[in-house]
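The next block holds one structure in the form of structure tokens; read it before the comments.
The values are calculated or read from the model by the stated rules, or taken from the named source; none is laboratory data. Fair warning: this is a prediction, and the values are worked out from it, not measured in the lab. For neighbour counting, all protein chains shown are included, and Cβ atoms are generated from backbone atoms with ideal geometry for every residue, glycine included. Quick note on the areas: whole protein, heavy atoms, side chains included, nothing else; ligands and nucleic acids left out. Shrake-Rupley method; radii C 1.70, N 1.55, O 1.52, S 1.80 Å.
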Amino acid sequence: GIKMKKILLLGIVLGATLYAGIVDEALDASKNGNNTKALELFDKACADDNAVGCYYSAQAYNSGVIIEQDVSRALKTFTKSCDLGYLESCLTVARSYYKAQGIDRDYVKANDLYSKACDGGIAEGCVTSGLILELGKGMSRDLGKAKAQYKKACALGKKKACYFYNDLEHMGVK
């Protein structure tokens, strides 16, 4: 039981270190101008379920600088990165759903992803989720949840969220 858990944990730590090594190698290749090699390594890291590798791979496909732009592939890769826990990727996919960039507009999915980022401590996710909820974009208005999201963003240092929170507070929103 415990011995197996320790072995499994050690494997996870060593695996994470190994994959981090691939990402570091890819970043070095990119810094040295070898973007093709960097993309190959980011793709390999992503195939091995490295969230950061997926993020950088998606950036390459999204920008179209290193390789021909492929927004659909970029979004799939950003989504995988988000699913693996890299919250910056969640924000990117949320923005795409919100703005209908490369994908159909879906405020509910956007809000879910902004909320995920918010729960992970990213203030932008909290503010934007709050706005979607307050305005009722693609869903029923929920001022109570909006206020809670603004409160989180305020606590994370977003000044405008503090104003939004106070506005709802003064309106008597619970």
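Table: residues versus (1) under 23 Å from G85 (Cα atoms); (2) surrounded by fewer than 21 Cβ atoms within 10 Å (Cβ to Cβ); (3) among the small types (G, A, S).
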position: G125; (1), (2), (3): yes, no, yes
position: L131; (1), (2), (3): no, yes, no
position: G138; (1), (2), (3): no, yes, yes
position: D142; (1), (2), (3): no, yes, no
position: Q149; (1), (2), (3): yes, no, no
position: D167; (1), (2), (3): no, yes, no
L41 - would you say it is at pLDDT below 75, surrounded by 14 or more Cβ atoms within 10 Å (Cβ to Cβ) and under 21 Å from Y55 (Cβ atoms)?
no
Number of positions in the range 95-132 that are within 17 Å of K152 (Cβ to Cβ) and either of a type outside the set (A, V, I, L, M) or touching a residue at least 40 places away in the same chain (Cβ under 8 Å) (or both):
15
Please determine whether any residue of the range 147-158 is touching a Gly at 6+ places or on another chain (Cβ under 6 Å), at negative phi and part of a helix (DSSP H, G or I).
yes
Every residue from the range 151-163 that is surrounded by fewer than 18 Cβ atoms within 10 Å (Cβ to Cβ) and basic (K, R)
K159, K160
Does the range 73-83 contain any residue that is open to solvent by 60 Å² or more (accessible area, probe 1.4 Å) and either assigned to a loop (DSSP other than H, G, I, E, B) or over 30 Å from T36 (Cβ atoms) (or both)?
no
